[in-house]
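Below: one structure, written as structure tokens.
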Amino acid sequence: MLEAIVFYLLAALILGLGVMVITARSAVHSVVFLVLNFLMVAVAYVVLAAEFLAVIQVLVYAGGIVVLYLFVVMLVNQKRAPEAHHDPHRKSGLGIMLAAAVLAEVTAIVVYTASLPSTASIPQASPAIGGNTEQVGMLLYTNYLIAFEVASMLLLAAMVGAILFARKAD
């Protein structure tokens, strides 16, 4: 009973901080509210007995991502008006076709997953495995290996794209 009350209080606090992130007038205040939001999500993970996820939440999001946000906020000149720029080389049709292809793939995955029997869609961890971290590792590298590799390839493509966008034009 107490755990449910704490969870719902944390959920309300997380939602409130999320609203404050998008309604803050200052970008720096918005980032501070985002840090608090990430920390409250980590506390919610601890309440749900997912300590590994709580540590990852603090290290990756509250530690790394928010530092990048702060650097961007500090480096971007917010007093300048946005530029009216239209790229003549932009291929909007190709982007729409790729978005439609991704939507079709996601729809196919959802339909395929829904057609499976209910017991096959829920992976069961073996009882011989120890703690929370071992269960996450076993599931990640057995049942979800392909999804893990696809996510790593997407992150690699995003990193290469960010590097190409960030380099100076010749």
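Please treat every number below as a calculation from the coordinates, not as lab data. Bear in mind that the values here come from a model prediction, so they are computed numbers and not experimental data.
List of remarks:
- Over region 1-82, Cα pairs under 8 Å with separation of 6+ residues give a relative contact order of 26 percent.
- With θ taken as phi - 60° and the Karplus curve 6.51 cos²θ - 1.76 cosθ + 1.60 applied, the whole-hertz 3J(HN,Hα) list for region 27-34 is 5, 5, 5, 4, 5, 5, 5, 5 Hz, x standing for glycine and proline.
- From phi via Karplus (6.51, -1.76, 1.60), per-residue ³J(HN,Hα) for region 47-61 in Hz, x at Gly/Pro: 4, 7, 6, 10, 5, 4, 5, 5, 5, 5, 4, 5, 5, 7, 7
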